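Bear in mind these aren't lab numbers, they're just calculated from the coordinates by the rules spelled out. The model shown is predicted, which means the values in this text are computed figures rather than measured ones. FYI the Cβ positions are ideal-geometry reconstructions off the backbone, even for glycines, and counts take in every protein chain you see.
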Amino acid sequence: MQFKVPQFLDIEDKIFGPFTFREFVYLAGGAGLCFVLYRLLGIMWGSIPIVVIAGFSLALTFYRPNNKPFINMVAAGFNFLLQSKLYIWKRRTKEPNEDTLKTTEISKQTQMLQNAARLGGNKLRDLAWSLDVLDLNKHQNTGS
């Protein structure tokens with residue numbers, strides 16, 4: 001016995017032409033509110049609120065950030081504004097400023113120069129000797 005499993009449950013039905021019921025309500029509500037503002041305030045005083053409400057209505061209908069309805073973003077914004085927030089302060093040690101960074105860099109450079117001066121006259125011979133000593137230690141450890 002086979003049963004048909006419904007597919008695409010998250011897609012709303014298009015009821016009013018290319019619009020779903022929700023999109024139609026957003027458009028009709030925005031248009032109705034714009035008309036009421038026009039009748040109450042006139043075109044001179046009502047133009048700015050009419051443009052804001054029309055833009056918000058169009059954004060609710062057509063704008064889909066991250067392929068999700070814009071109303072989800074509006075709801076998340078309201079939740080963020082209304083919920084209590086927890087601020088945690090963490091004491092930090094004094095951050096180094098540019099002067100201390102420069103002095104530490106200079107001290108590192110002088111340390112490197114002093115180490116280079118200790119190697120002596122024939123640096124290549126000293127380097128070869130240190131490599132041979134390290135190599136002998138390596139062979140002795142593996143052979144034991």
**Prompt:** If each of Ser107 and Tyr63 carries a label point 7 Å out from its Cα toward its Cβ, how far apart are those two points in nm?
**Reply:** 5.4 nm
**Message:** If I take R0 = 41 Å and measure r between the Cβ atoms of Leu9 and Thr93 in this structure, what FRET efficiency does the formula 1/(1 + (r/R0)^6) give, to the nearest 0.05?
**Reply:** 0.15
**Fill in**
Final fewest-first order of Asp126, Asp10 on the 10 Å Cβ neighbour count is Asp10, Asp126
**segment 1-111 shape via C-alpha gyration tensor axes, a/c threshold 1.5** = oblate
**Asked** If we count other beta carbons within 10 Å of each Cβ, what is the order of Thr104, Thr61, Thr93, fewest first?
**Response** Thr93, Thr104, Thr61
**Prompt:** Tell me, what is the FRET efficiency for Ser47 and Leu81 to the nearest 0.05, using R0 = 25 angstrom and their Cβ-Cβ distance as r?
**Reply:** 0.35
**Prompt:** For segment 1-31, which trypsin sites (Lys or Arg not before Pro) are both in a DSSP coil and crowded by at most 11 other Cβ atoms within 10 Å?
**Reply:** Lys4
**Message:** Residue by residue through segment 83-88, what is 3J(HN,Hα) from phi via Karplus (6.51 cos²θ - 1.76 cosθ + 1.60, θ = phi - 60°)? Round to whole Hz and write x for glycine and proline.
**Reply:** 6, 6, 10, 10, 9, 10
**Message:** Cut-off is 10 Å between beta-carbons; in what order do Arg39, Arg91 appear when sorted fewest neighbours first?
**Reply:** Arg91, Arg39
